[in-house]
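The values are calculated or read from the model by the stated rules, or taken from the named source; none is laboratory data. Since we're looking at a predicted model, the values are computed, not measured. We place every Cβ from the backbone using ideal geometry, glycine too, and count neighbours over all the protein chains shown. The accessibility values were calculated without ligands, DNA or RNA, using every heavy atom of the protein model including side chains. Shrake-Rupley method; radii C 1.70, N 1.55, O 1.52, S 1.80 Å.
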Amino acid sequence: MKKFYPKITCSLLTLVLLAVPNVNAQDDGDYSSNETGLWQGSVEFGVRKTTGNSNISGFNGKLNLVQNLTYWRNTYIFQSNYATANDSTTAEQYRGSIQSDYKFTNNEFLFVKGEAEKDRFSGYRYKSSVSTGYGNRLWQGADGSYFEASAGIGYQREQLIQPQANSSDFDNGLTTNFSAKLEKYVSDTTTFKQNLSTQIDMEYGSNEIESVTSLQTDIISDIAMKMSYRVTYDSQVPVDKAHTNTETSITFLYSF
């Protein structure tokens, strides 16, 4: 069953990218901000519950920064998760990504993205990847809601903590990458977001899939409450590690 995941994910997202470009003629919104050079962002802090390689409750924090220029949009995301029990660390994870989008139309862009993750309980010392490709904002509503998808190629490098006999400490290879993002304003104060991404090893066909679903509600001024659910699936994992991990979190978010 696992070997069909790459073909299914690739086919669906490729069809979305190729079949809907004419929708842009009906676009109601402007993909780029009129205020170029403006920094925007948010800071989150709250609690989370995990299942998979770690079955614990703990704290998490996240920083999200976006700089919108005339032709470029730069996005920086940094996140950490930590938990202890009986004076021992039971979860310790750090993730970060930097993405630069070159906007050659209001809806289309080329991207370059770098990601890194260090999870003490994942079986890897670290994971890192770089990728580049094409993205298209296929729909945007007058209220700012939008749906976009992207596809590209990349290179990943992972180091195992305990490699198997007669194997390298490192797992390197070329990948194909697909992602889709939906942001929908349910009301003046509530926003629904859904992100889906997959990374497929071009040599072995193994894949990593991530889905993040969230609902954000404004409380006062620039402060909001956010509930999110993250699921990750890795078809190839170190020995005795879970293929599927989940995170359920409730955070307070300050936007600036």
Problem set entry | Condition met for ILE200 (open to solvent by 20 Å² or more (accessible area, probe 1.4 Å) and part of a strand (DSSP E or B)) | no
For this session: Please determine, by comparing only the residues of the range 132-179 that are among the acidic types (Asp, Glu) and modelled with pLDDT under 90, which one is surrounded by the fewest Cβ atoms within 10 Å (Cβ to Cβ).
Result: ASP169
Exercise. Quick one: how many residues across the range 203-225 are surrounded by fewer than 19 Cβ atoms within 10 Å (Cβ to Cβ) and either hydroxyl-bearing (Ser, Thr, Tyr) or within 23 Å of SER131 (Cβ to Cβ) (or both)?
Worked result: 10
Exercise. In the range 202-225, which residue that is over 20 Å from SER187 (Cβ atoms) and of a type in the set (Asp, Glu) is modelled with the highest pLDDT?
Worked result: GLU210
Seminar exercise, completed: Scanning the range 226-256 for residues that are under 17 Å from THR190 (Cβ atoms) and not hydroxyl-bearing (Ser, Thr, Tyr), the one most open to solvent (accessible area, probe 1.4 Å) turns out to be PHE252
Exercise. Name the residues in the range 71-108 that are surrounded by fewer than 14 Cβ atoms within 10 Å (Cβ to Cβ) and outside any strand (DSSP E or B), would you?
Worked result: TYR71, ASN86, ASP87, PHE104, THR105
For this session: Give just the number: which of (1) out of contact with any helix residue (DSSP H, G or I) (no Cβ under 8 Å at 6 or more places or on another chain); (2) closer than 23 Å to TYR204 by Cβ does ALA151 not satisfy?
Result: (1)
